[in-house]
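Please treat every number below as a calculation from the coordinates, not as lab data. Remember, predicted model here, so these are calculated numbers, not experimental data. Heads up, the Cβs are rebuilt from the backbone with ideal geometry, glycines too, and the neighbour counts pull from every protein chain shown.
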Amino acid sequence: MTARPRSPHPNGDRPIAVVGATGQQGGAVARTLLARGTPVRALVRDPDAERARALAAAGAVLAPADLTDEASLRTAFTDASAVFAMASPTPDGGVGAEAEHGKAIARAAGAVGTPHVVYSSVGGVERESGIPHFESKLEIERALLDLGVPTTFVRPVFFMDNFVRFMAPTEEHGTLVVRLPMPGDVPLQMIAVVDVAAVSALALLEPQRIPDGAIEIAGDELTGEQIAARFATRRGLPARYEQLATIMLDADMKAMFEWLSSPPAYQADLAATRRLVPHALTFSQWLATI
């Protein structure tokens, strides 16, 4: 599957609409665009929420919208020069809800003639991984293409930021313990969310920089044992790596970590990522920011 030809350079007088602007990726994209002086229309569910008000204070125009309300998406996308979008599994609806939300984004963008969508998907989405939350993103990619929406797909690998959210090391008897459900000697490609935002902003502002219409991006590649060593250096404590069993994981996460445990899994070109974003963080550099 290949993406459609790139759209023209966005009109600087018209805003870029950012879906999920109060979330992790969307918020980072919105802030990156605002820092570059680009008008941002931030799609938010609650304009009075703290993160929404912070975006407004930074210069974004807030647009109330919900992924379950396609009319609100059409309104928010109208007259935008481009759209950044993504969807995620929900606690109640899982990957099915993600697929429906992404397809709603695609239909809304197609309905109003959005000139260009940058969609944040996932590395390996096109390689028939069988991972549920990869397959839902593939459904969304296909919907965008089938509807003829000019789209660039940014496909990030494993987020470094997971190590401060879901997989933070624990300190046990003076030793840091890093745990993942994969062997400690298998390399894992990773990227910082700020660099996903940097690549996405570049794709929005200079779409010709990604001429193939899709790119898998990574900032570093380390084994679990090397990740533990980087934490040891940063924290000034001894560290070790332990492999978790996958038996306690849900089917989605189990499928992902089994896929990651059998290289090649992610296949990002780190040099290509740095040609787009020369300052893309290594894992050690990312650790220095937290």
Mean Cβ-within-10 Å packing, highest first, puts peptides 181-192, 267-278 in the order 181-192, 267-278
In the chain, what % of DSSP beta bridges are antiparallel (nearest 5)? 25 percent
Which one of T152, F257, Q267 is farthest out on the positive end of the charge dipole of the chain, using unit charges on Cβ (Lys, Arg +1; Asp, Glu -1) and the Cα centre as origin? T152
Between F84 and residues 5 or more places away or on another chain, which pairs have amide H atoms under 5 Å apart, with H built 1.01 Å from N, and which residues are they? A17, V18, V19, V118
Select from A203, L222, G37 the residue farthest towards the positive end of the dipole of the chain; place +1 on Cβ of Lys and Arg, -1 on Cβ of Asp and Glu, and compute about the Cα centre. G37
So how far, in whole Å, is the C-alpha centre of segment 38-55 from the one of segment 176-221? 25 Å
Which helices count as membrane-span-like in the chain under these terms: full DSSP H, at least 15 Å along the axis by C-alpha, Kyte-Doolittle mean of -1.0 or more? 24-35, 94-112, 132-146, 193-205, 224-235
Can you work out the FRET efficiency for the pair V61 and L147, with r the C-beta to C-beta distance and R0 = 30 Å, to the nearest 0.05? 0.70
Show me the ranking of peptides 260-266, 114-120 by mean Cβ neighbours inside 10 Å, starting with the highest. 114-120, 260-266
Could you pull out every residue, at least 5 positions away or on a different chain, whose amide H is within less than 5 Å of the one on L281? Hs are placed 1.01 Å off N in the peptide plane, and Pro or chain starts have none. A192
Using just the helices of the chain, give the 222 nm mean residue ellipticity in deg cm²/dmol: DSSP H runs with n ≥ 4 each add -39,500 (n - 2.57), and the total is spread over all residues, rounded to 500. -11500 deg cm²/dmol
In whole angstrom, how long is each semi-axis of the equivalent ellipsoid of segment 72-160, when you take the square root of 5 times every eigenvalue of its Cα gyration tensor and sort them from largest down? 22, 14, 11
Where only C-alpha atoms are counted, convex hull volume of segment 138-217 per residue in Å³: 129 Å³
Residue list for segment 179-208, given a label point 7 angstrom along the Cα-to-Cβ vector of H279 and an amide N cut-off under 15 Å: 192-202
